[in-house]
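A quick write-up on the structure given underneath.
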Amino acid sequence: MSLWTRVVDAILGKSSGTPDDWWAEFGPQSNSIGGISVTQITALQVATVMACVAILSEDVAKLPIHVYKKARDGGRKIVTNHPIEKLLQRPNNYQSRFEFVEQMQGALLLRGNAYAPIIRDARGKPIALIPVNPDRVWIYEARDGSIFYEVARRGPHDMAMLESLPNRISSDDMFHVRWLTVDNSLWGASRIGLARESIALALSQQALAGKLSANNTNLGGTLTTEQKLTKDTAQRLANDWKLRKSGIQNAGDVAILEQGLTWKPLGMTAQDAEFIASRNLQVAEIARLFRMPLHKIGVMERMAGSSLEQIDQDYVNNTVSSYLERWESKIAQSFGLDDEGVFVEFDVSKFLRASLQVRYTAYRTGIVGMFLTPNEARRAEGLPDHPDGDTLYQPTNVAPIGYEPKGSETGPGSDVTGHPAPGGSGDPAAAPAAGDEPPPDSSAES
């Protein structure tokens with residue numbers, strides 16, 4: 001769409017696109033100051049960007065998501081027959097739930113927007129979600145505040161999947177998850193647009209390293225001789241050295257020297273060390289943009305003394321959870337779940353799954369603390385219920401302060417005083433002295 005078309009739309013009370021689209025009319029806005037193009041594809045060519053996007057997208061996609069309804073006993077249960085539950089488990093006929101969430105989350109991370117037009121049946125029930133590239137979506141505002149989305153439909157697949165929708169799709173039929181909104185609340189800010197210079201610097205360093213690797217003639221030393229070389233001889237030796245030792249294909253090759261030449265190895269120069277440090281700095285800089293712990297992308301020396309469990313817990317609480325909240329609230333809003341008394345939630349229990357010993361200790365604490373039943377603990381481990389496992393247990397080895405039992409030894413069918421209790425007639429070895437009254441709750445005859 002041309003700039004003049006957008007100007008006419010604005011005069012008629014409509015505005016379209018995103019800030020990136022508007023500035024694209026005046027020049028290559030996706031280029032950095034150094035002239036490097038930063039797009040979704042080029043950004044992913046930076047190893048750190050690709051790692052951050054892949055890890056976050058996979059971590060969100062692997063979490064189960066369900067539609068729940070609160071039960072009368074205070075718990076919750078999955079509403080298996082709800083149309084949105086079926087939609088979330090099978091968003092369309094060509095993607096699994098994991099693939100759909102992974103694609104949408106990747107778009108959200110790179111471009112700050114994830115779009116999926118909603119396909120409905122004849123009764124208006126949603127039956128499919130079709131994810132589209134955010135770079136092919138424009139947003140239009142009507143005079144009355146209504147919002148419409150136009151999707152560039154490229155190829156037979158897009159045309160077939162979206163043929164039931166008009167060219168300008170109403171916001172009621174567009175599932176749109178946003179990241180940070182800055183200029184306008186209708187679209188999220190593009191992360192790779194805001195971080196263009198940082199990503200471009202990493203791309204330029206990567207390209208420079210590649211060129212040095214391909215063309216470098218330095219074997220880590222110098223060639224010296226006490227003989228005086230003629231101009232032709234020096235030129236011939238230089239050309240021969242460049243031909244036989246330059247490039248990665250000659251790495252590790254044996255050097256055959258003549259004319260009294262000797263090899264003197266050199267250490268790393270200050271310039272080399274500075275270049276390596278600069279590349280490492282860009283790794284940390286890009287990881288910071290995605291709020292990604294460095295150990296998740298393979299940098300293990302900067303853990304600052306914290307355990308992996310603590311860092312992973314912080315990663316879930318401060319990075320992953322914000323995206324889960326965006327998904328949950330947007331699904332509830334887009335499909336009116338709040339009005340039906342149901343809600344959507346990701347299950348992060350498996351994501352935070354601790355070691356076997358830690359889990360078993362936690363289960364024991366929950367059962368003894370009277371807020372878990374044995375069957376609830378068994379279900380968490382994927383074990384079948386026990387017939388007697390739905391009972392809450394309470395500790396029996398506590399008593400009011402100052403209470404002194406009359407007997408310390410007990411036997412089968414007796415309480416702590418030796419009096420008869422369910423299951424027996426008392427413990428003769430701990431029987432009370434003559435004249436002692438049985439406790440009020442004793443079942444002994446008077």
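Couple of notes before you dig in:
- Distance violations [Cα-Cα > 23 Å] among LYS77/LYS350; LYS125/LYS350; LYS69/LYS296; LYS296/LYS350: LYS125/LYS350; LYS69/LYS296
- The order of LYS296, LYS350, LYS62, going from fewest to most other C-beta atoms within 10 Å of their C-beta, is LYS350, LYS62, LYS296.
- With N the number of residues in region 70-223, Rg(Cα) / (2.2 N^0.38 Å) evaluates to 1.49.
- Legend: ranking of residues MET104, MET300, MET50 from fewest to most surrounding C-beta atoms inside 10 Å; resulting order MET300, MET50, MET104.
- Once the convex hull of all Cα atoms in region 88-129 is built, its volume per residue stands at 64 Å³.
- Sorted by Cβ density within 10 Å, fewest first, the residues TRP187, TRP327: TRP327, TRP187
- Here the dipole of region 73-220 is about 240 debye; that uses its Cα centre as origin and unit charges on the Cβ of Lys and Arg (positive) and Asp and Glu (negative).
Every read-out reported here was derived from the displayed coordinates using simple, explicitly stated rules and does not represent laboratory data. Just so it is clear, the structure is predicted and the values come from calculations on it, not from any experiment. We place every Cβ from the backbone using ideal geometry, glycine too, and count neighbours over all the protein chains shown.
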